[in-house]
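Visitor: Below are the structure tokens for one structure; questions will follow.
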Amino acid sequence: MCNVAKAHRDAMREALMCAQEVTSKLTRAIDANDKMAEQVETSRENATLIINQAFEQLHQTIEERKKTLLSEMETISISKMTALTLHKEQLMKMQDEIDRYNEMTSFILHTHTDHKMVALGDLLPTELKATLKKFENVSLTPNQSSDIYVSLHTDSLIKALSIFGHVVTDSSSPSHSTWSSESVAKVKEMYCVKVETMTSKGERYPYGGLQVKAELRPKSHDGAVIPGEMQDHGDGTYTITLTPQTIGPHQLLITMDGQHIQKSPCDLHVRREYSTLHVCNPDQVINCSGGPSGIAIHDSGDIYVACYGDNCIHVFDQAGQQKRTIEVDNRQFLQTFGQPGSSQGQFSNPISVIVDRRDRMIVSDFSNHIVVILDQAGTWLLTINGSVTGSHGFQYPYGLALDPLGNIHVAAWGSSCIKVFTPEGTYVRSYGDVKGPSEIAIDEEGYSFVNEMKGMCLSIFNPQGNKIHTAGNLNQPRGVMLDPKSGSLYVANCGAYTLLKYST
């Protein structure tokens, strides 16, 4: 028993010596914090260094204390083991809490003004002193019931930190960040995206400075990628603006520090603005002698204009400069279909032709009052006869167009309306009160653009067949074509010998 008692006394003596050494080191840490308060007022850099050193010294002291406790746990009696283990756990909790305050303080030092840091720098040494005083009074061999938890979580420190608002030390997370915008964009008009950055814990990240980017990529054709212009509001929110240059399906990509945020990439449909034509103010007027009639647009963007007066086709670039002329008088055709007449296989003034999704040719036979469907070999497949009584009859079919469902729209020049038929030739409906409709174009959303030769205007109808806008002051407009890439509308203003371009 004497040997055991002596061993206990020796262990306690060594523990007390370690405690005195801990107290000495902690006192030096307090002195370092006292000096910090004076330097914070004059230098942000010095304040940061001193606070970091103070926390580092405190961490070292706690680590040494934990090592001492571990050593004591190996030598003292089993009866003290549980209490010392509890003491060790409480010290680790204290270190975790100090780490948290250290992280918050370091963040504040880099994001706030000097006078606020001075106030915090003055308070930290005081709180450290109070904590160390509690630390010194804790016995190395406490009872399990002793109050051994030492905390920095004091009211005065919490109040001091509250002047900085809600301090978020968790980093921003692209996968948790969100954005909002309209589901449909309009070509040539500004489109806004609002981004809100979040942390991995689902909290709002209230600081700016992140690399938030967005771009718009066309999906259905080769078009330029549109980069977004970013505005950082400094509070974790960003506004990005883009201006689409082409219509149709696009892909919107939004990244934060090089990583996609939620729901990126996503599909975005760019549509044209139908209200821009009602003032009849074309963006471009291209002189075209010879009476422009039909229009076609090549994938390259070149514009092909058939001129009945010149018996040729003029080719223009997007700037309106004539590139070349295709003469057709030499009759060097690849293939010819039909003969003059009124029987099957014969035409009388065929005036318009289109090709549908089945690769079938659809021809409007103006003077025979029919619409004919042929295969690529010229075989007669189907006749839509307008010379019948009832709502599905029509006179002098002129322009043809296909809607998004594949239905055939016939501009019935003599009936002053548009007739709609299924691909199999079944009558669907009629719409429009138009004067001498010539050519017709239909966009990807089902809006119809109808030239009125007698009305001297261009009328726009929504997919339900209701007229929504009219562009007037035209002169015998004939051909009409929508550029599938830019969304621009071209009108062959035949009587004025010009080609008009509208940015829709």
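The values are calculated or read from the model by the stated rules, or taken from the named source; none is laboratory data. Please read these numbers as outputs of a predicted model, since none were measured by experiment. Methodologically, a virtual Cβ is constructed for each residue, glycine included, from the backbone with ideal geometry; neighbour enumeration extends over all protein chains shown. For the accessible areas, the whole protein counts, side chains as well, though only heavy atoms, and no ligand, DNA or RNA atoms are used. Shrake-Rupley method; radii C 1.70, N 1.55, O 1.52, S 1.80 Å.
Visitor: Mean 1/r over all different Cα pairs, inverted: what Kirkwood radius does region 408-504 give, in Å? Let's see the in-between values first.
Guide: Numbers: mean 1/r = 0.0747 Å⁻¹.
Its Kirkwood hydrodynamic radius stands at 13.4 Å.
Visitor: Can you say what percent of the DSSP beta bridges in region 182-275, counting only those with both residues inside, are antiparallel? Round to 5. Could you put the intermediate results ahead of the total?
Guide: Details: 27 of 30 bridges.
Bridges in region 182-275 are about 90 percent antiparallel.
Visitor: Quick check on my link table: of 186/454; 323/501; 188/419; 263/467, which ones sit more than 28 Å apart, alpha carbon to alpha carbon?
Guide: Values: 186/454 32 Å; 323/501 17 Å; 188/419 32 Å; 263/467 37 Å.
Table pairs above 28 Å Cα-Cα are 186/454; 188/419; 263/467.
Visitor: Moving on to the next point. So, for region 344-432, what is the accessible surface per residue at a probe of 1.4 Å, expressed in square angstrom? Intermediate values should be presented prior to the final figure.
Guide: On the way: 3800 Å² over 89 residues.
Per-residue accessible area for region 344-432 comes out at 43 Å².
Visitor: How would 392, 250, 59 line up by accessible area, probe 1.4 Å, largest first? Write down the numbers at each step before the final one.
Guide: Values: 392 75, 250 5, 59 25 Å².
Correct descending sequence by accessible area is 392, 59, 250.
Visitor: Right, next: Give me the accessible area of residue 239, 1.4 Å probe, in Å² rounded to the nearest 10.
Guide: Only protein atoms counted, so the area is about 30 Å².
Visitor: Then there is this: Excluding ligands, DNA and RNA, what is the solvent-accessible area per residue of region 451-500 at a probe of 1.4 Å, expressed in Å²? Mind dumping the intermediate values first?
Guide: On the way: 1720 Å² over 50 residues.
Here the per-residue accessible area is 34 Å².
Visitor: Follow-up question, since we're still on this one. Can you give me the distance in nm between label points at residue 322 and residue 344, each placed 7 Å from the Cα along the Cα-to-Cβ direction?
Guide: 4.5
Visitor: Could you do me a favour and compute the accessible area per residue for region 176-325, 1.4 Å probe, result in Å²? Show your work: numbers first, answer last.
Guide: Details: 7630 Å² over 150 residues.
The answer is 51 Å² per residue.
Visitor: Here is a follow-up. With a 1.4 Å probe and all protein chains kept in place, how do 482, 381, 402 rank by accessible area, largest first?
Guide: Numbers: 482 20, 381 90, 402 45 Å².
Largest accessible area first, the list is 381, 402, 482.
Visitor: Roughly how big is region 333-439's charge dipole about its Cα centre, with Cβ charges of +1 (Lys, Arg) and -1 (Asp, Glu), in debye to the nearest 20?
Guide: Details: 6 positive and 8 negative charges, 23 e Å.
It works out to roughly 120 debye.
Visitor: Still on this structure: When only DSSP loop residues count, what GluC sites (Glu not before Pro) in region 355-450 have their Cβ near at most 11 other Cβ atoms within 10 Å? Intermediate results must be reported in sequence, preceding the final value.
Guide: Details: sites: 424, 439, 444, 445; in loops: 424, 444, 445.
The qualifying sites are 424.
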